[in-house]
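S.K.: Handing you this structure, nothing more for now.
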Amino acid sequence: MGSTTTAAEIKTPPLRDLQEVFEDAANGLTFMKNVSIPLKNSPLPIRANVYLPLTSQSNGKYPVLVTYGPYGKDISYETFHNGSFSEVNPEHRSKYSAWETPDPAYWCREGYAIVRADERGLGQSPGLLDTMSRGTSECFFDVVEWCAEQPWSTGKVGLLGISYYAGSQWRVAARRPKGLAAIIPWEGMSDYYRDRCRHGGILSNKFINFWWNRQVLVNQYGRAGRSKIVFPPDGPGARGQEETIEGDLSEDVLVSNRRDQTTDNEANRFRDDDYYASKEYQLEDIEVPVLSVANWGGILLHLRGNVLGYTYAGSQFKYLRFITGRHDLPFYYHEEVELQKSFLGAFLKGQDTVGWSVPGKVAPVTVTLRKGNIGFNDAEKEKAYEKREESAWPIPRTQYTNFYLGSDQSLTKTKPSSGGSSGPSQVSYQALGSLDNQQAANFTSPPFEEETEITGHVVAHLNISVTPEKVDAADKGEVDIDLFLTLRHLDASGHEIFYTGTAGDPVPLCKGWLRVSSRAVHDESPKHKPWLPHREYLSSDVLPVKAGEIYGVDVELWPTNVVVDKGGRIVVEVSSGDTQGSGIFQHNSSSDRPPARFAGQNHIHFGDGLDNYVTMPVIPPE
């Protein structure tokens with residue numbers, strides 16, 4: 001298998017060879033800049049930086065750690081996001097450090113070669129810019145095989161990186177390139193449609209817009225003035241990239257040489273659209289050892305993908321580790337790097353000091369238990385969270401427990417009597433809500449009578465209808481309902497406990513979404529579970545939504561963990577738009593959520609045969 005790009009697909013000036021080699025005694029490495037990696041089915045190369053230990057070890061052959069991504073192999077971490085870089089463990093801060101990737105100076109000292117490649121169409125790599133596509137993943141395939149064949153390589157290749165540099169690992173590992181020996185997808189979504197682009201069928205547009213325009217588009221191969229691009233100092237951005245080796249391309253050529261994620265995601269709604277279908281692959285095809293690291297706070301992008309990536313990977317040796325903290329820093333914590341080294345050492349060096357390669361020696365699942373109100377975005381305080389090993393995921397002793405919503409906005413384990421609890425037969429709230437106009441129905445439990453752990457997958461069953469704002473929309477059948485669910489945790493005094501989100505922001509326990517016209521469940525699939533409804537989100541799955549008609553729907557919420565102290569409470573929030581904790585991951589596209597289709601009033605119905613409940617994974621004490 002090789003890349004499918006042809007020269008006819010893109011326009012570029014004649015290629016140049018400007019490879020340079022530097023020896024850096026202070027950092028103990030040889031730096032090979034702008035190495036051209038040939039592709040099997042294209043005359044256009046992938047360009048990479050190669051870092052080799054300066055002191056020869058193992059006859060000058062090293063296992064190789066590869067990253068392949070869009071953010072610029074030549075942009076320093078310090079320039080890309082200075083605020084984050086200043087907080088990184090000093091062991092991993094060097095002039096070669098780059099955003100979300102392993103630091104070459106550190107890993108070369110540990111006896112690894114590092115290859116940092118610019119993804120096709122970005123940085124110094126010519127070609128079609130089409131992030132997360134099958135074509136660019138096939139280029140990654142060629143890069144891995146090239147690394148395994150180099151004279152300075154032992155033939156063993158590992159993948160290690162955060163976020164995008166993790167999500168791409170699942171895709172290339174499923175293609176089984178020669179030499180790939182292990183992967184560590186650290187906070188990396190595995191399902192492009194469900195995890196990233198369309199939560200429950202609803203377009204998650206705000207982050208994609210931010211990400212595309214600040215971190216990707218500005219780094220396109222051939223873009224003029226890349227070295228002068230600046231952003232406000234807060235947050236990440238592809239600042240200060242070197243100019244393209246071959247020179248600038250005109251704007252019309254740049255447009256023809258890329259697929260724009262912002263417009264493509266908005267224009268395509270279903271998984272069987274060519275755009276989404278072209279990005280599909282099978283997790284079950286992954287055979288190499290996997291250490292999937294999921295962050296409980298990543299409730300709007302990566303968390304689900306790490307959990308289900310682990311679940312479905314076909315590897316004999318696969319491990320799932322849950323952590324907390326910001327998405328950028330834990331990767332570099334000393335104790336987490338020691339974990340990375342032991343895992344990679346086992347499968348790339350044959351030095352297994354822990355037992356990763358011995359069946360049953362290492363527990364497959366390690367859970368971090370979020371207990372107490374320690375605040376958020378405080379790495380030192382989060383060290384107080386205990387860790388516990390488990391034999392499988394979901395945890396085998398899970399007791400899936402229904403918490404019933406009452407029309408008085410209660411949340412109890414007791415099923416309401418026929419007709420629901422006292423009060424009205426429905427709870428209503430504004431449809432088409434937004435972060436600036438938050439209206440929600442909140443269902444609150446009584447104080448817990450004993451400490452209770454909730455760890456695993458959450459699903460809600462609701463009976464929902466809509467009264468459209470415009471009568472003509474109802475007459476034309478042009479109505480729909482977007483459901484936004486949030487699970488919150490209150491302490492004994494009634495104050496909400498927040499946890500560390502992706503950007504260090506305060507987030508609740510978890511969220512879940514569903515567009516009611518996409519409610520069709522494929523219960524014939526082996527992936528369908530009572531605690532995880534399986535949806536394909538195909539164009540053929542679309543079901544009608546009519547004004548005033550009640551629909552019973554199951555809503556997937558993302559996995560979560562919390563230990564509720566005695567006296568604490570849980571809140572189930574039902575809304576029609578983003579609420580607190582969404583941060584930059586908002587669903588506010590006016591074309592995806594037009595008022596003519598979504599505005600009005602949504603109703604949750606109670607009564608005989610209309611039970612509303614959230615099924616929570618309660619973990620009994622061992």
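The values are calculated or read from the model by the stated rules, or taken from the named source; none is laboratory data. All figures in this text were calculated on a predicted structure; none of them were measured in a lab. Heads up, the Cβs are rebuilt from the backbone with ideal geometry, glycines too, and the neighbour counts pull from every protein chain shown.
S.K.: Considering each residue of segment 379-407, count those that are under 23 Å from Gly298 (Cα atoms), in a loop (DSSP other than H, G, I, E, B) and touching a residue at least 40 places away in the same chain (Cβ under 8 Å), and give that number.
M.R.: Summing the residues that are under 23 Å from Gly298 (Cα atoms), in a loop (DSSP other than H, G, I, E, B) and touching a residue at least 40 places away in the same chain (Cβ under 8 Å) in segment 379-407 gives 5.
S.K.: Determine, yes or no, whether Lys95 is in a loop (DSSP other than H, G, I, E, B), out of contact with any Cys (no Cβ under 6 Å at 6 or more places or on another chain) and either under 30 Å from Arg259 (Cβ atoms) or in the same structural domain as Arg171 (by TED's automatic domain parsing) (or both).
M.R.: yes
S.K.: Then there is this: Looking at (1) farther than 14 Å from Leu129 by Cα; (2) of a type in the set (A, V, I, L, M, F, W, C); (3) surrounded by fewer than 19 Cβ atoms within 10 Å (Cβ to Cβ), find the lone condition where Ile286 falls short.
M.R.: Going through (1) farther than 14 Å from Leu129 by Cα; (2) of a type in the set (A, V, I, L, M, F, W, C); (3) surrounded by fewer than 19 Cβ atoms within 10 Å (Cβ to Cβ) one by one, Ile286 breaks only (3).
Here's the yes/no breakdown for (1) within 24 Å of the chain's Cα centre (by Cα); (2) modelled with pLDDT of 95 or more; (3) assigned by TED's automatic domain parsing to the domain that holds Val466; (4) not acidic (Asp, Glu):
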site: Cys510; (1), (2), (3), (4): yes, yes, yes, yes
site: Ser518; (1), (2), (3), (4): yes, yes, yes, yes
site: Glu524; (1), (2), (3), (4): no, yes, yes, no
site: Val542; (1), (2), (3), (4): no, yes, yes, yes
site: Val571; (1), (2), (3), (4): no, yes, yes, yes
site: Ser589; (1), (2), (3), (4): yes, yes, yes, yes
site: Phe606; (1), (2), (3), (4): no, yes, yes, yes
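S.K.: Would a scan of segment 543-551 turn up a residue that is more than 21 Å from Cys197 (Cα to Cα), of a type in the set (Val, Ile, Thr) and in contact with a strand residue (DSSP E or B) (Cβ under 9 Å, 6 or more places away or on another chain)? Outline the logic, then answer.
M.R.: Narrowing segment 543-551 to residues more than 21 Å from Cys197 (Cα to Cα): 544-551.
Then keep just the ones that are of a type in the set (Val, Ile, Thr); that gives 545, 550.
Subset that is in contact with a strand residue (DSSP E or B) (Cβ under 9 Å, 6 or more places away or on another chain): 545, 550.
The answer is yes; a qualifying residue exists.
S.K.: State whether one or more residues within segment 32-44 are over 35 Å from the mean Cα position of the chain (by Cα), of a type outside the set (Phe, Trp, Tyr) and farther than 23 Å from Thr244 by Cβ. Before you say what the answer is, go through the steps one by one.
M.R.: Restricting attention to segment 32-44, the residues satisfying the condition of being over 35 Å from the mean Cα position of the chain (by Cα) are none.
No - not one qualifying residue is present in segment 32-44.
S.K.: Does segment 294-301 contain at least one residue that is under 23 Å from Glu138 (Cβ atoms) and in contact (Cβ under 8 Å) with a residue 60 or more places away in the chain? Even if it seems obvious, please write down each step before you answer.
M.R.: Start the filter on segment 294-301 by keeping residues that are under 23 Å from Glu138 (Cβ atoms), which leaves none.
The answer is no, given that none of the residues of segment 294-301 is under 23 Å from Glu138 (Cβ atoms) and in contact (Cβ under 8 Å) with a residue 60 or more places away in the chain.
S.K.: I would also like to ask the following. Just a yes or no: is a residue in segment 332-349 touching a His at 6+ places or on another chain (Cβ under 6 Å) and assigned to a helix (DSSP H, G or I)? Write out each step before concluding.
M.R.: Pass one, segment 332-349, residues touching a His at 6+ places or on another chain (Cβ under 6 Å): 332.
Cutting the leftovers down to assigned to a helix (DSSP H, G or I) gives us 332.
Yes, that holds for at least one residue.
S.K.: Which condition breaks for Leu462 when tested against (1) part of a loop (DSSP other than H, G, I, E, B); (2) within 17 Å of Gly577 (Cα to Cα)?
M.R.: (1)
S.K.: Please go through segment 476-520 and give me each residue that is touching a strand residue (DSSP E or B) at 6+ places or on another chain (Cβ under 9 Å), surrounded by fewer than 17 Cβ atoms within 10 Å (Cβ to Cβ) and within 26 Å of Gly600 (Cα to Cα), ordered by number.
M.R.: Going residue by residue through segment 476-520, those that are touching a strand residue (DSSP E or B) at 6+ places or on another chain (Cβ under 9 Å) are 478-492, 494, 496-502, 506-516, 518-519.
Filter once more, keeping what is surrounded by fewer than 17 Cβ atoms within 10 Å (Cβ to Cβ): 478, 491-492, 494, 496.
Matches in segment 476-520: Glu478 only.
S.K.: Here is a further query. Of all the residues that make up segment 302-331, how many are among the hydroxyl-bearing types (Ser, Thr, Tyr) and either in the same structural domain as Gly345 (by TED's automatic domain parsing) or free of Cβ contacts under 8 Å to residues at least 40 places away in the same chain (or both)?
M.R.: Restricting attention to segment 302-331, the residues satisfying the condition of being among the hydroxyl-bearing types (Ser, Thr, Tyr) are 310-312, 315, 319, 324.
Within this subset, residues satisfying the condition of being either in the same structural domain as Gly345 (by TED's automatic domain parsing) or free of Cβ contacts under 8 Å to residues at least 40 places away in the same chain (or both) are 315.
Number of matching residues: 1.
S.K.: Restricting attention to segment 11-66, which residues are surrounded by fewer than 15 Cβ atoms within 10 Å (Cβ to Cβ), part of a strand (DSSP E or B) and aliphatic (A, V, I, L, M)?
M.R.: Val21, the sole residue that qualifies.
S.K.: Of everything in segment 210-230, what is in a loop (DSSP other than H, G, I, E, B) and either under 15 Å from Thr263 (Cβ atoms) or not charged (D, E, K, R) (or both)? Give them in sequence order.
M.R.: Those that are in a loop (DSSP other than H, G, I, E, B) and either under 15 Å from Thr263 (Cβ atoms) or not charged (D, E, K, R) (or both): Tyr221, Gly222, Ala224, Gly225, Ile229, Val230.
S.K.: Could you tell me which residue of segment 293-326 is surrounded by the fewest Cβ atoms within 10 Å (Cβ to Cβ), considering only residues that are assigned to a loop (DSSP other than H, G, I, E, B) and of a type in the set (Phe, Trp, Tyr)? Steps first, please.
M.R.: Residues of segment 293-326 assigned to a loop (DSSP other than H, G, I, E, B): 296-302, 313-317, 324-326.
Now drop any that are not of a type in the set (Phe, Trp, Tyr), which leaves 296, 317.
Details: Trp296: 27, Phe317: 21.
Ranking the qualifying residues of segment 293-326, first place goes to Phe317.
S.K.: Can you tell me which residue within segment 19-71, out of those that are touching a Phe, Trp or Tyr at 6+ places or on another chain (Cβ under 9 Å) and of a type in the set (Val, Ile, Thr), is nearest to Leu344 (Cα to Cα)?
M.R.: Within segment 19-71, the match that is nearest to Leu344 (Cα to Cα) is Val64.
S.K.: Considering segment 564-576 alone, what residues qualify as being outside any strand (DSSP E or B) and either on the phi > 0 side of the Ramachandran plot or hydrophobic (A, V, I, L, M, F, W, C) (or both)? Talk me through it step by step, then tell me what you get.
M.R.: To start, the set of residues in segment 564-576 that are outside any strand (DSSP E or B) comprises 565-568, 576.
The answer is Gly567, and nothing else.
S.K.: Being surrounded by fewer than 22 Cβ atoms within 10 Å (Cβ to Cβ) and among the charged types (D, E, K, R) is the filter; apply it to segment 562-587 and report the residue that is farthest from Pro506 (Cα to Cα).
M.R.: This residue is Lys566.
S.K.: State whether one or more residues within segment 110-132 are surrounded by 19 or more Cβ atoms within 10 Å (Cβ to Cβ) and in a helix (DSSP H, G or I).
M.R.: No, because not a single residue in segment 110-132 is surrounded by 19 or more Cβ atoms within 10 Å (Cβ to Cβ) and in a helix (DSSP H, G or I).
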